[in-house]
Amino acid sequence: MSCGFRRGDEFLAWIRRRRPQLGFLVSIGTRSTSRSEVKFKIMEGARIPLKGWQQAAVALGSALGALMDPRRADLIAALGETTGKPAFHRVLERMRNSSEGREVLLERPRVISAEVSHAWDLPESTFGSAYARFMGTRNFSPDDRPPVRFMDTDELAYVATRAREVHDFWHVLFGLPTNLIGESALKVIEFEQMFLPMCALSVVGGSARFSEKQRSLFFRHYFPWAIRAGMASADLMCVYYEKHFHEDLEDVRKKWGIIPCPDPDGKTEFVFDYFSMVLRKNKTK
């Protein structure tokens, strides 16, 4: 049956008309720009408990809606939550086993304007200043990300929120642009770090929208670099980034084994040589 949907909104409206019990799907599209000032708890009321079939329906509706309108970050977020619970559980366990990760879980820092605005006042060479410039030059706000809705526990909801909020930190650390190629390359790294199915699906969906020239550039330059960069870096979900804002950007990159993305017009041998160096360094520890 051909339904003729051209936008994700139309698909979700169709679901609501035919399946009233799935009306909560449409609530995904409400983007809240006002964040709670409470740092230590994700609001219980923001979460929507789902049965198994409801979770599958949200995943399917979100996937189809995101394919119809890739700009719908809320649908992509819902897809990540409903398909990524086992991955988030594994990330939670890794954080519990890391001293810095446990500190993050205990204090639950939020990447929101009220908490990271001091980055603008830091010296130019610092990680915090680089993050502030990244956000400012693109007119991005850390408050614009959709809330986590479909996690089972408050702790798991925080892990999913943290994964979503550190995304821009990773853009800065790896030196990736925010265009389709840059986002797809970062999804490769995110998949290696967290094994979220949504990340792999995003790479497939993103590469399908590439032009022939973009696809050639991505698989020749960005994809092999991202595979190696994701393997070489530390467990980035266990890092308390806000406590490193004052440190030099290049220093934190070296500390966490970050391989910045080289210029696609330059020599890519640097990536492989640096990767080999990092592996040799790790083996000697």
message = Can you work out the Karplus-derived ³J(HN,Hα) for every residue in the range 96-107? Use 6.51 cos²θ - 1.76 cosθ + 1.60 with θ = phi - 60°, whole Hz, and x for glycine or proline.
response = 5, 8, 10, 4, 6, x, 5, 5, 4, 5, 6, 8
remark   = With all protein chains in place and a 1.4 Å probe, PHE140 shows an accessible area in Å² (nearest 10) of 90
key: Accessible area of the range 119-250 belonging to carbon and sulfur atoms, whole % at 1.4 Å probe   = 57
message = Could you give each residue of the range 154-165 its phi-based ³J(HN,Hα) in whole Hz, using Karplus coefficients 6.51, -1.76, 1.60 with θ = phi - 60°, and x for Gly or Pro?
response = 5, 5, 5, 4, 5, 4, 5, 5, 4, 4, 6, 7
Placed amide H near THR126: partners under 5 Å, 5+ positions off or other chain = LEU249
query = Considering only protein heavy atoms, what per residue accessible area in square angstrom results for the range 141-228 with a 1.4 angstrom probe?
reply = 35
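The values are calculated or read from the model by the stated rules, or taken from the named source; none is laboratory data. The shown structure was predicted, so the numbers you read here are calculated from the model rather than taken from an experiment. Just the protein is used for accessible areas: all its heavy atoms, side chains included, with ligands, DNA and RNA removed. Shrake-Rupley method; radii C 1.70, N 1.55, O 1.52, S 1.80 Å.
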